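My structure is below; once you've seen it, I'll send some questions.
Quick note: the coordinates plus some simple rules give every number you see, no bench work behind them. Everything numeric here is computed off the predicted structure, so don't read it as measured data. Cβ: placed from backbone, ideal geometry, glycine included. Neighbour counts: every protein chain shown.
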Amino acid sequence: MPAEPDFHVILVAPEIPQNTGTAARVCAATGTRLHLVGPLGFSLEDRYLRRAGLDYWPHVDLEVHADWESFRARHGAAPLRLFSAKAERSYTSIHYERGDFLVFGGETRGLPKDLLAQHAERTCTIPMQSTKVRSLNLANAAAIVLYEGLRQLGRT
């Protein structure tokens, strides 16, 4: 197993293989562990997933979990930071710490309401200027937050 990474990116029930492949590529580039929490909306053998990650898949530090309960059974004490378009606190207003788990929901549903309510004090958003856009692309949101965390740790 690789050394403990600065951050973990957790995608809960991702639906679009290209987004997951793009997030995997960002994780490979930054030495970030990627966790995929099921149910997944695609197969890990999906050609679009593989294509979006290009030839970087061997460099992705990947953990796959059947569901949220399986993830929490393995990482129950993990420091979570949840992200939702429905939150009010900006992702730039918090202090990221090495070892934080950055949690993002699937493209059309986001994170479950009960999970957001359970961790309301640890939930943030990426502010948007336009009210015509519901949310950002999943891979873009993960990259934005991850790089803010890395910036705060002096890694960029």
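For Ala77, what charge total do you get from the other residues with a beta carbon under 14 Å from its beta carbon, if Lys and Arg give +1 and Asp and Glu give -1?
Combined, the nearby Lys, Arg, Asp and Glu give 0.
Could you list the trypsin sites (Lys or Arg not before Pro) in the stretch 1-105 that lie in coil according to DSSP, counting only those with at most 15 other Cβ atoms within 10 Å of their Cβ?
Loop-located and lightly packed - Lys86, Arg89, Arg98.
Stokes-Einstein at 37 °C, 0.692 mPa s, Kirkwood radius from Cα pairs: D for the stretch 72-156 in µm² s⁻¹?
Translational diffusion coefficient: 244 µm²/s.
While we're here: Add +1 for every Lys or Arg and -1 for every Asp or Glu among the other residues with Cβ under 12 Å from the Cβ of Glu63, and state the total.
It works out to a net charge of +1.
Follow-up. Which value, to two decimals, describes the C-alpha radius of gyration of the chain once divided by 2.2 N^0.38 Å?
0.97
What number, in percent, do you get for the relative contact order of the stretch 1-133 if the mean sequence gap of Cα pairs under 8 Å and at least 6 apart is divided by its residue count?
Across the stretch 1-133, relative contact order equals 30 percent.
Here is a follow-up. Roughly how many debye, to the nearest 20, is the charge dipole of the chain about its Cα centre, given +1 on each Lys and Arg Cβ, -1 on each Asp and Glu Cβ, and no other charges?
Roughly 400 debye for the chain.
Follow-up question, since we're still on this one. Could you identify which residue out of Leu82, Leu102, Leu116 has the top mean-square fluctuation in a GNM of the chain using Cα springs shorter than 10 Å?
Largest GNM mean-square fluctuation: Leu116.
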